[in-house]
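Have a look at the structure below, then the notes.
The values are calculated or read from the model by the stated rules, or taken from the named source; none is laboratory data. As the structure is a computational prediction, the values presented were derived from the model and not from experiment. Quick reminder, even Gly has a Cβ in these numbers, built from the backbone with ideal geometry, and neighbours come from all protein chains shown. Heads up: the accessible areas ignore ligands, DNA and RNA and are worked out on the full protein's heavy atoms, side chains in. Shrake-Rupley method; radii C 1.70, N 1.55, O 1.52, S 1.80 Å.
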Amino acid sequence: MTAKVISGTKIAEQVRAEVAEDVRKLSAERGITPGLAAVLIGDNPASATYVRSKSKACAEVGIFTETFRLAQNVSETETLDTLRFLNDDSRFHGILLQLPLPSQIDEALAIKAIDPAKDVDGIHPYNTGLLAQGIPIFVPATPTGVQQLLIREGYDPAGKHVVVCGRSGIVGKPMASLLAQKQSGANATVTICHTGTPDLSIFTRQADILIVAMGSPGVIKGDMVKSGAVVVDV
């Protein structure tokens, strides 16, 4: 059968238009302008590019944003102090701590220092637990984006076998948890595979929906995907 390419760009434009309208209503009806604080440590080019793209997206929809840049050699104490300061700053309703962090900072400790009510990445243990229970405050952005791709293109995960390749805390695990929930836009049978899975193709060929977030290109070959499957390359 002929393959169909899902346009992530088109769907992103739809979502941003909807968010912009929500922001406009929030400002008009309650006098609130949502604010996002991004914390960028060091000079990792990929991290800097990601934060810039988030700042641009915020500007497009009317969200106030500010990036707090810390030096590569910043101490763990100063990092935690910055996060606690942002927790208490009423201008910001969300905090995005750009990962990975330099080796001198305990990543788990830094994540726990973020107020769960401002943890827009959904990576705080409290929010991870709520997602597992099906009552999240925030769901990590990438899994939410994948879910929206499927729903808006008419590929309802309900009753489907979804195979997630990857087990990271920001994509693979929350993706599986999200789609396994007994909720609209989910209710799938979910299998998680990873680099330790023997003969990955046994599982990928069973997938009605295959979501790949392995962190390296070329892992999935054409003969590992069954005809008619939906494939999302994270």
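Okay, residues lined up against (1) buried (at least 16 other Cβ atoms within 10 Å of the Cβ); (2) touching a residue at least 12 places away in the same chain (Cβ under 8 Å):
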position: Gly134; (1), (2): no, yes
position: Ala141; (1), (2): yes, yes
position: Gly154; (1), (2): no, no
position: Ala158; (1), (2): no, yes
position: Lys173; (1), (2): yes, yes
position: Ser177; (1), (2): yes, yes
position: Val190; (1), (2): yes, yes
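Return the residues of region 195-211 that are in contact (Cβ under 8 Å) with a residue 40 or more places away in the chain and open to solvent by less than 20 Å² (accessible area, probe 1.4 Å); say none if nothing qualifies.
Hits for region 195-211 are Thr204, Ala207, Ile209, Leu210, Ile211.
Could you list all residues from region 4-36 that are of a type in the set (A, V, I, L, M, F, W, C) and open to solvent by 90 Å² or more (accessible area, probe 1.4 Å)?
Val5
Please find, among Ser201, Ser177, the residue that is under 17 Å from the mean Cα position of the chain (by Cα), modelled with pLDDT of 95 or more and over 21 Å from Glu153 (Cβ atoms).
Ser177
So, of the residues in region 79-119 that are within 15 Å of Thr67 (Cα to Cα) and part of a loop (DSSP other than H, G, I, E, B), which turns out to be most open to solvent (accessible area, probe 1.4 Å)?
Restricting to residues being within 15 Å of Thr67 (Cα to Cα) and part of a loop (DSSP other than H, G, I, E, B), the top hit is Arg91.
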